[in-house]
Amino acid sequence: MTLIRDKAFIGGDWVDSESGKTYPVFDPAYTNIIAHVPEMGESDTQAAIDAAQKAFGSWRTTTAKQRSEKLMNWFNLIMENQSDLAALITQESGKPLAESIGEVGYGASFIQWFAEEGKRTYGDVIPTTAIDRRLQTIKQPVGVCAAITPWNFPIAMITRKVAPALAAGCTIVVKPAEATPLSALALASLAQEAGIPDGVINVVTASHGAEVGKVLCNSADVRKLSFTGSTAVGKTLIKQCADTVKRVSMELGGNAPFIVFDDADIDAAVEGALASKFRNAGQTCVCANRILVQSGIYDAFAEKFANAVSNLKVGAGLEPRNQIGPLINRSALDKVESHIRDALVLGARRLTGGASHSLGGLFYQPTVLADVTPAMRIASEETFGPVAPLFRFEDEAQAVAMANDTEYGLAAYFYSRDIQRCLRVSEALEYGMVGVNEGVISNEVAPFGGVKASGLGREGSRQGIEEYLETKYVCFGGL
Ligand code: ADP
């Protein structure tokens, strides 16, 4: 594997931590150590901010076209290295190889998209209110940015932030998830090879996010923080950013409903639910967390769905035919087990799975539970694992009320062949994203983001770059 880098990346240099400490990165399928990376702290993070601040002075004065060319070089190098990067993602996150290959393409698509969008950050000429004045707006980069990212998409969650930042003329310090620093460092290495100048991208590795996070949040030089992760950590970061009145983008937790109405195409709904629920072993923030099925088709759907789930192949992600990899760590497995235990005690029925997998380690059987009710923990908490709970509902109003009965509002899905219902329900769902007869909806051209406790701001799409731009109003007088 040529892309493994075991140093952090600051100001164009591959560096150790000032303390000299390192921490191990594990492969969750085999639980062996893949590499050791620097355990960075306060002074290292400050050095990265300083490097980003220095680089901002010149990067901001390049033209959008020049930045676009560098971004396209980076995009091309990532695609040339797609299989090596995918293997790295699988090694450190456990994700099945086919999904990792997909993630590299998906992650790279944001770089290509924002290389193009960066050239279209138009301001306005505003019709004047006084004959001796002319009014206009221009768009300028926010400044030095920080990105704190999760392990479940080790590449895409970084490119979705770094690409619009760089396209806008910002520089950035990335703190990747502790479990998946190697994908981030490989990306940085390709960025360097692509000719992206020193200090424009910096990667700080650490086994605990809190210390690095505090320095990033407290720094007056860092003008924006973009975070993807849990709602609990997101709330802490928003508070920490208050003192410097930083701009924040937050992609936080979800509790996605997946509604199947009586008039749905059941086979299509089964296929959609399978893709939405079991991608990355259920470890994405847009994975269906609650499957709500109307009573008229409940039994038929449950039987077909449980049958499809029981056929999913579990095993190490590097083995190409496997569809469900290991969970990321022991606490993820514990959460899955405790949700299932709680549901079964309160009367849920196990249709398939419901136990550790015979492979042992961090593998768990893909599971379907029927007769799940809102009183069970699995109804209100994000499970983040390969468990599909089936709820029953009687009519549309009840389905919408159940779907919206959560503090979260990221993604929702529903299946129906009634056009009026499709419009009504898509408008009534209190979510940032809705899939209608689709279980997987994310791409670089559409806005990704949530409402309520699921976050602030949007990534991807033409809106994604606005998060990294300030609008300046300029009034020319005395004409
Ligand atoms: P997940 O459950 O997906 O791991 P987390 O919110 O715990 O979600 O982690 C997402 C990212 O936030 C990771 O990069 C992690 O290191 C970082 N992180 C966790 N706690 C903090 C914190 N207190 N301050 C800053 N970053 C943190």
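Every read-out reported here was derived from the displayed coordinates using simple, explicitly stated rules and does not represent laboratory data. As the structure is a prediction and not an experimental result, all values here were calculated from the model. Every residue, glycine among them, receives a Cβ derived from its backbone with ideal geometry; neighbour counts consider all protein chains shown.
Under the definition of Cα pairs under 8 Å and six or more residues apart, what whole-number percent is the relative contact order of the range 195-334?
16
Kirkwood Rh, the chain, all Cα pairs: how many Å?
Final number for the Kirkwood radius of the chain is 23.2 Å.
Determine the distance separating the Cα centre of the range 205-220 from the Cα centre of the range 45-61; give it in Å without decimals.
17
Would you mind getting me the FRET efficiency between residue 16 and residue 355? Use the beta-carbon distance for r and R0 = 25 Å, nearest 0.05.
My answer for the efficiency is 0.05.
222 nm [θ] for the chain, helices only, -39500 (n - 2.57) per DSSP H run of 4+, per residue, to 500?
Helix-only estimate at 222 nm: -12000 deg cm²/dmol.
Quick one: helix 330-345 against the long Cα principal axis of the chain, what's the angle to the nearest 10°, folded into 0 to 90?
30
Could you tell me which residue out of 150, 359, 168 lies farthest along the dipole of the chain toward its positive end? Charges go on the beta carbon: Lys and Arg +1, Asp and Glu -1, centred on the Cα centre.
Among 150, 359, 168, the one farthest towards the positive end of the dipole of the chain is 168.
On a full-extension model of 0.36 nm per residue, what is the gain between residue 405 and residue 138, subtracting their alpha-carbon distance, rounded to one decimal in nm?
Using 0.36 nm per residue and subtracting the Cα-Cα distance, I get 92.0 nm.
Out of the range 385-479, which GluC sites (Glu not before Pro) are coil in DSSP terms and have no more than 11 other C-beta atoms within 10 Å?
Hits after loop and neighbour filter: 394, 407.
Which of the trypsin sites (Lys or Arg not before Pro) found in the range 300-375 are loop residues per DSSP with 12 or fewer other Cβ atoms within 10 Å of their Cβ?
313, 321
Kindly state, to the nearest 0.05, the FRET efficiency for residue 311 paired with residue 58, given R0 = 35 Å and r defined as their beta-carbon distance.
So, using R0 = 35 Å, E works out to roughly 0.05.
Need the C-alpha centroid separation for the range 407-436 versus the range 284-344, integer Å.
22
Which angle between 0 and 90 degrees, to the nearest 10, do you get for helix 156-168 versus the longest principal axis of the chain when only C-alpha atoms count?
Helix 156-168 sits at roughly 30 degrees to that axis.
Return the loop-located trypsin sites (Lys or Arg not before Pro) in the range 89-135 (DSSP other than H, G, I, E, B) with at most 14 other Cβ atoms within 10 Å of their own Cβ; answer none if there are none.
Those that pass, being in a loop and sparsely packed, are 133.
Can you give me the angle between helix 231-242 and the longest principal axis of the chain, using Cα atoms only, in degrees from 0 to 90, rounded to the nearest 10?
The helix 231-242 is inclined about 20 degrees to the chain.
Which one of 384, 316, 191 is farthest out on the positive end of the charge dipole of the chain, using unit charges on Cβ (Lys, Arg +1; Asp, Glu -1) and the Cα centre as origin?
Going by the charge dipole, the pick is 191.
Nothing charged except the Cβ atoms of Lys and Arg (+1) and of Asp and Glu (-1): what's the magnitude of the dipole of the range 309-365 about its Cα centre? Round to the nearest 20 debye.
120
Quick one: length gained pulling residue 83 to residue 275 fully straight, 0.36 nm per residue minus the C-alpha distance?
Full extension from residue 83 to residue 275 adds 66.9 nm.
Treating only the Cβ atoms of Lys and Arg (+1) and Asp and Glu (-1) as charged, compute the dipole magnitude of the chain about its Cα centre; round to the nearest 20 debye.
Its charge dipole is roughly 860 debye.
Mind putting a number on the dipole of the range 359-479 about its Cα centre? Charges go on the C-beta only, +1 for Lys and Arg and -1 for Asp and Glu, and I need it in Debye to the nearest 20.
160
Given a Förster distance of 51 angstrom, what is the FRET efficiency for residue 375 paired with residue 319, based on the Cβ-Cβ distance and rounded to 0.05?
Efficiency, rounded to the nearest 0.05: 0.80.
Relative contact order of the chain, please, whole-number percent, based on alpha carbon pairs below 8 angstrom and at least 6 residues apart.
Relative contact order comes out at 18 percent.
Quick check: pseudo-label points 7 Å beyond the Cα along Cα→Cβ at residue 230 and residue 124, how many nm apart are they?
The two pseudo-label positions are separated by 4.2 nm.
Which entries of 119/161; 214/472; 7/139; 139/214; 246/277 show an alpha-carbon separation above 25 angstrom in the structure shown?
214/472; 7/139; 139/214; 246/277
If I stretch the segment between residue 346 and residue 397 completely, what's the gain in nm (0.36 nm per residue apart, minus their alpha carbon distance), one decimal?
15.8 nm
Rounded to the nearest Å, what's the spacing between the alpha carbon centres of the range 241-276 and the range 349-398? Just the number, please.
Distance between centres, Cα-based: 16 Å.
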